[in-house]
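Every number here is computed from the coordinates shown, using simple stated rules; none is lab data. Note that the structure is a prediction, hence the values are computed from the model and not measured. Reconstructed Cβ throughout: ideal geometry from the backbone, glycine too, with neighbour counts over all protein chains shown.
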Amino acid sequence: QSALTQPASVSGSPGQSITISCTGTSSDVGAYNYVAWYQQHPGKAPKLMIFDVSNRPSGVSNRFSGSKSGNTASLTISGLQAEDEADYYCSSYTSSISYVFGTGTKVTVL
Amino acid sequence: QVQLVQSGAEVKKPGASVKVSCKASGYSFTGYYLFWVRQAPGQGLEWVGRINPSSGGTDFAQKFQGRVTMTRDTSISTAYMELSRLTSDDTAVYYCARTSGSWSSDYWGQGTLVTVSS
């Protein structure tokens, strides 16, 4: 199972919006609505930001939103803040009862 | 509050095995799957597999089939992941994570660094 494809880096200025893409196949992202997004700060465990494509867990800012079109999922961060600087990973259930993460995207706040 | 507390760092020689534990508290241990995820130094997240603490049933990523074992002890709310025939490529931080039916992990352990070195 190959990793989902994400851009290596995305940057934006405070207050701006950025979007991170996550491209899979018709066997994972395109087939199921079990796409999640995680934020990871250096040396820390990942934190769930989005589940089931577009749902936010309790306590996650509404500046984070998720969507999906075909084989590509997206995470949008609006009103970018310094604390959003981190690595972000998408993930998806795949056929054959398996699971795959994205390659990861480093978000830089300029 | 929900907590997952993992065992401490390990140093192993190539060819050896390692067993990492994950003790759950603050929720019904048998009510949620547990994922095991690893992260090599400077690299991304990689799914190792999952265990159903209620039944003991497991599913593994294909690359770990035959080399990984996941078990649990419901009496002490603890899950275990054992990886055998270690190589330097297995050097990573290993995480356990509570996972819902939507295959998303809302609580993670602190991670266990496993170093494989001769």
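Projecting the Cα atoms of B:Tyr33, B:Val11, B:Thr99 onto the dipole axis of chain B, where Lys and Arg carry +1 and Asp and Glu carry -1 at the beta carbon, places B:Val11 farthest toward the positive end.
Between A:Ile20, A:Ile50, A:Ile97, the residue with the greatest mean-square fluctuation in the GNM of chain A (Cα pairs under 10 Å linked by springs) is A:Ile97.
Quick one: check the C-alpha center-to-center distance for the range B:58-118 versus the range B:8-38, whole angstrom. Here the answer is 5 Å between Cα centres.
Taking only Cα atoms and a 10 Å spring cutoff, compute GNM fluctuations for chain A and point out the largest among A:Val53, A:Val35, A:Val100. Most flexible of the set in this elastic network: A:Val100.
At q = 0.09, 0.14, 0.17 Å⁻¹ the log10 of I(q)/I(0) for chain B amounts to -0.21, -0.52, -0.77, computed by Debye summation with a single uniform scatterer per C-alpha, solvent ignored. For A:Met49, nonlocal amide neighbours, meaning residues 5 or more places apart or on other chains whose placed amide H falls under 5 Å from its own, are A:Trp37, A:Tyr38, A:Gln39. With a cut-off of 15 Å between beta carbons, the residues surrounding B:Pro14 carry a summed charge of +1, where Lys and Arg count +1 and Asp and Glu -1. Remark: relative contact order (chain B) = 37 percent; criterion is Cα-Cα distance under 8 angstrom and separation of 6 or more residues. Entry note, the range A:1-65: relative contact order of 19 percent, from Cα contacts under 8 Å with a spacing of 6+ residues.
Spin-label model, A:Ser58/B:Val2: points 7 Å from Cα along the beta carbon direction are separated by 1.0 nm. Per the Cα gyration tensor, the protein assembly as shown maps to an equivalent ellipsoid with semi-axes of 29, 19, 18 Å, ordered largest to smallest. Compactness of chain A was expressed as the Cα radius of gyration divided by 2.2 N^0.38 Å, which yields 1.00. Using a cut-off of 29 Å between Cα atoms, the listed pairs A:Lys47/B:Lys13; A:Lys44/B:Lys13; A:Lys44/B:Lys19; B:Lys23/B:Lys63; A:Lys47/A:Lys68 include A:Lys47/B:Lys13 as exceeding that distance.
Considering all projection directions equally, how large on average is the shadow of the alpha-carbon convex hull of the range A:10-50, in square nanometres?
Answer in nm², one decimal: 4.1.
For the range A:46-94, the direction-averaged projected area of the alpha-carbon convex hull comes to 3.9 nm². Residues within the reach of a label modelled at B:Ser88 (point 7 angstrom out along Cα to beta-carbon, backbone nitrogen below 19 Å), restricted to the range B:32-52, are B:39-44. For the range B:4-10, the Karplus equation 6.51 cos²θ - 1.76 cosθ + 1.60, evaluated at θ = phi - 60°, returns couplings of 10, 10, 9, 6, x, 4, 10 Hz by residue, with Gly and Pro reported as x.
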